[in-house]
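Please treat every number below as a calculation from the coordinates, not as lab data. Everything quoted here is computed from the prediction, not taken from an experiment. A quick note on method: Cβ atoms are made from the backbone with ideal geometry, for glycine too, and the neighbour counts reach across all protein chains shown.
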Amino acid sequence: MAHRQMSATDFKATCLAVLDDVNEDGGSICITKRGKPVATLLAAWNSARKPLENALRGQIRITGDIVHFNTAEDWEAFQTKAPLSKARGPKRGPRVA
């Protein structure tokens, strides 16, 4: 599943083999013209591949309540009672040329 880079000339010469490689390993290929990227070749979704639904199962552990939580302590902006115009900072004087 590597990301590779190849020139348009090389891609044109080996197009069918490159398509087979991308289909098998699921990687991507950046196709360039004169060193600048012009296209990216990606494999089409294949139902035989492992679905992403359970890709992180067992990798993440949730601690605490993710439904009922209080962010008021985390955000001081919600705690301030000052009007918005005063909270912007000091006023600047006129510009002197």
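Would you grab the residues whose amide H sits under 5 Å from the one on residue 27? Only those 5+ places off in sequence or on another chain, please, with H modelled 1.01 Å from N.
2
So, with +1 on the Cβ of K and R and -1 on the Cβ of D and E, and no other charges, what is the size of the charge dipole of region 3-42 about its Cα centre, to the nearest 20 debye? Could you put the intermediate results ahead of the total?
Working: 5 positive and 5 negative charges, 85 e Å.
My answer is approximately 400 debye.
Run the simple label-point estimate for residue 3 and residue 30 please: 7 Å along Cα→C-beta, distance reported in nm.
A separation of 0.6 nm, rounded to one decimal place.
So how much slack lies between residue 19 and residue 52, counting 0.36 nm per residue of separation and subtracting their Cα-Cα distance, in nm?
Working it through step by step, the gained length comes to 9.6 nm.
Between 15, 38, 28, whose Cα lies farthest towards the positive end of the dipole of region 3-42 when Lys and Arg beta carbons carry +1 and Asp and Glu beta carbons carry -1, centred on the Cα centre?
Checking the options against the dipole of region 3-42, the answer is 38.
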